[in-house]
Amino acid sequence: DAPFFDISTILEGSLTVQEDEGGKFFIGRMRSRYTLLNYKPVGEMIAEIDIRKEGMRFVSFSVGNITGSGTVTLRQPPELDIDLKIKEVSLADFINFWAGRPDVAAEGLVSGEMKIGGDVTNLRLGGEFASYGGYVDELNFDNIVIFAEGIYPVVHLFNSSVSTTEGLTFSVDGSLNLAQRDTLDKQILALSQAPLVTSDNTKLEWTFKRIQKEKDAGKTELKYLRKKNDALDRPDREQSGDMLGIERSVKF
């Protein structure tokens, strides 16, 4: 029974004794068999570990499409400092992991990074995730980009956005309580949704259509651009008008 999930597995491995100026320590390999995550079979874990007085270090580990590294201190309560990379995990499995919805109608892949830190009773979470070209229930999307951070079980979404297949783009902000999985659907619906607006000292931009099919591909954006008017300070200068612009960016 872990903070985010229930896990059942058989662990096996081997350790060898090493010694340096700090004393004796262990290095070795671990692997799992017959692993169930939330009662569903998942890829098996393979890990390279280093165990010393201060704690256990995962030099590297992988579970299916998730790889990572980090440390776990051997004191009470244990403290974690773990970095995870997620590559092309099924969107349906991703939603089921967090929301406990094994029957969710979803298609697509999720990639991203996540950091877990702090003691097990006060875990800090931070992550960024993206999915391109899929659907969740009745939402068909070109891309969903999520940035989140917080102290478990509450995470806060920021600078997150959704672009539908029709090209409509909006930002998503708010908080989710991951421990209240039975109400997570309602929490998601209650998140703030607003037009994607950015501004600086010279202009205001409203992106109301964005098309991007893949993470590393270019994107086409239809924007409403408004130059900020300084006529109050400079009466001799003509007022700037509004402008509708199409912008194409290519990533190299």
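The values are calculated or read from the model by the stated rules, or taken from the named source; none is laboratory data. Nothing here was measured: the structure is a model prediction, and the numbers come from that model. Cβ sites come from the backbone with ideal geometry, for glycine too, and all protein chains shown count toward neighbours. SASA here: full protein model, heavy atoms, side chains in, ligands and nucleic acids out. Shrake-Rupley method; radii C 1.70, N 1.55, O 1.52, S 1.80 Å.
At an R0 of 35 angstrom, the distance between the Cβ atoms of residue 30 and residue 154 translates into a FRET efficiency of 0.65.
Placing pseudo-labels 7 Å out from each Cα toward the beta carbon at residue 124 and residue 10 gives an inter-label distance of 3.9 nm. Suppose R0 equals 30 Å; then what is the FRET efficiency for residue 88 and residue 19 from their Cβ-Cβ distance, rounded to the nearest 0.05? The formula returns an efficiency of 0.15 here. With a threshold of 18 Å on the Cα-Cα distance, the over-threshold entries among 85/115; 87/115; 87/186 are 87/186. In the full protein context, region 1-98 carries 64 Å² of accessible surface per residue, based on a 1.4 Å probe and ignoring ligands, DNA and RNA.
Where the convex hull is taken over the Cα atoms of region 46-155, what is its projected area averaged over directions, in nm²? So the Cα hull casts an average projection of 7.3 nm². Put 91, 36 in order of accessible area, highest first, and with a 1.4 Å probe you get 36, 91.
Just the protein heavy atoms count here, and of the accessible area of region 72-181 at 1.4 Å, carbon and sulfur take up 54 percent. With the highest mean first, a sort of the peptides 82-88, 67-73 on other beta-carbon atoms found within 10 angstrom per residue produces 67-73, 82-88. Residue 157 contributes about 20 Å² of solvent-accessible surface, heavy atoms of the protein only, 1.4 Å probe.
Note on surface exposure: 138, 107 rank 138, 107 by accessible area, highest first, 1.4 Å probe. The residue 182 and residue 69 beta-carbon pair, evaluated with R₀ = 35 Å, returns a calculated FRET efficiency of approximately 0.55.
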